[in-house]
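Okay, structure first, notes after.
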Amino acid sequence: MEPTALDAIDQQLLAQLQRDASLSNQELAARVHTSPPTCLRRVKRLREAGLIERQVAILNPERMAATLGHGLTAIVEITLDRQDAAALDALEARVAQDSAVQQCYRVSPGPDFVLVVHTPDMPAYQALAQRLFTSDANVRNVKAFFSIKRSKFGAELPLP
């Protein structure tokens, strides 16, 4: 895959879209000082190049708590007995299918994976742990850290 060349306007578009992807094309064009047709064409090119993976709505957890409850967020470290490519791929594929797993990272050194998971409550976390970790003979160690407060959350990649 060949890298896509990005000029200053492309970088400004990406920065604006990372902050608020709901902007209209006209508003986005005004913010980066281009015409709406140019803006539309550039954003389309950035999507087709795969630089814009998808657009999502970020829900406010404090406001959602009134409806759904606070839930439980855990940062989970997983260490495997065997770290061959097939074993790593197998765990990665299994956790990727579970909707409670919000993020999955292969890491080094230390554990093999770090996950961010969100469940409604502790019994749901216990069921997740059984489903994903306890039933896998290759999982040697699981260490979970439960969040008591989210101080910062972001998904923006730093741009030059």
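The values are calculated or read from the model by the stated rules, or taken from the named source; none is laboratory data. Keep in mind it's a predicted model, so treat the numbers as computed, not measured. Reconstructed Cβ throughout: ideal geometry from the backbone, glycine too, with neighbour counts over all protein chains shown.
If you go through segment 133-152 and pick out every residue that is without any contact (Cβ under 8 Å) to a residue 60 or more places away in the chain, exposed (fewer than 14 other Cβ atoms within 10 Å of the Cβ) and not polar (S, T, N, Q), you end up with 4. Taking segment 98-115 as the range and being part of a loop (DSSP other than H, G, I, E, B) and surrounded by 18 or more Cβ atoms within 10 Å (Cβ to Cβ) as the test, the residues that pass are Ala100, Pro111, Asp112. Cβ separations smaller than 9 Å between residues 6+ apart or across chains give the following pairs from segment 20-37 residues that are loosely packed, with under 14 Cβ neighbours inside 10 Å to residues that are assigned to a loop (DSSP other than H, G, I, E, B) and of a type outside the set (Asp, Glu): Ser22/Gln55; Ser22/Ala57. Within segment 116-139, identify whether any single residue is in a loop (DSSP other than H, G, I, E, B), under 30 Å from Asp10 (Cβ atoms), within 19 Å of the chain's Cα centre (by Cα) and among the β-branched types (Val, Ile, Thr), and answer yes or no. No, every residue in segment 116-139 fails to be in a loop (DSSP other than H, G, I, E, B), under 30 Å from Asp10 (Cβ atoms), within 19 Å of the chain's Cα centre (by Cα) and among the β-branched types (Val, Ile, Thr).
Which condition number in (1) in contact with a helix residue (DSSP H, G or I) (Cβ under 7 Å, 6 or more places away or on another chain); (2) at pLDDT 95 or above is the one that Leu72 fails? Unmet for Leu72, out of (1) in contact with a helix residue (DSSP H, G or I) (Cβ under 7 Å, 6 or more places away or on another chain); (2) at pLDDT 95 or above: (2). Between Thr67, Thr73, the distinction of being polar (S, T, N, Q), assigned to a strand (DSSP E or B) and over 22 Å from Leu159 (Cβ atoms) belongs to Thr73 only. Within segment 76-97, being touching a strand residue (DSSP E or B) at 6+ places or on another chain (Cβ under 8 Å) and either not in a helix (DSSP H, G or I) or not assigned by TED's automatic domain parsing to the domain that holds Gln126 (or both) holds for Val76, Glu77, Ile78, Thr79, Leu80, Asp81. In segment 40-62, the residues that are farther than 15 Å from Gln11 by Cα reach residues that are aliphatic (A, V, I, L, M) with C-beta atoms within less than 6 angstrom, at least six apart or across chains, in these pairs: Gln55/Ala21.
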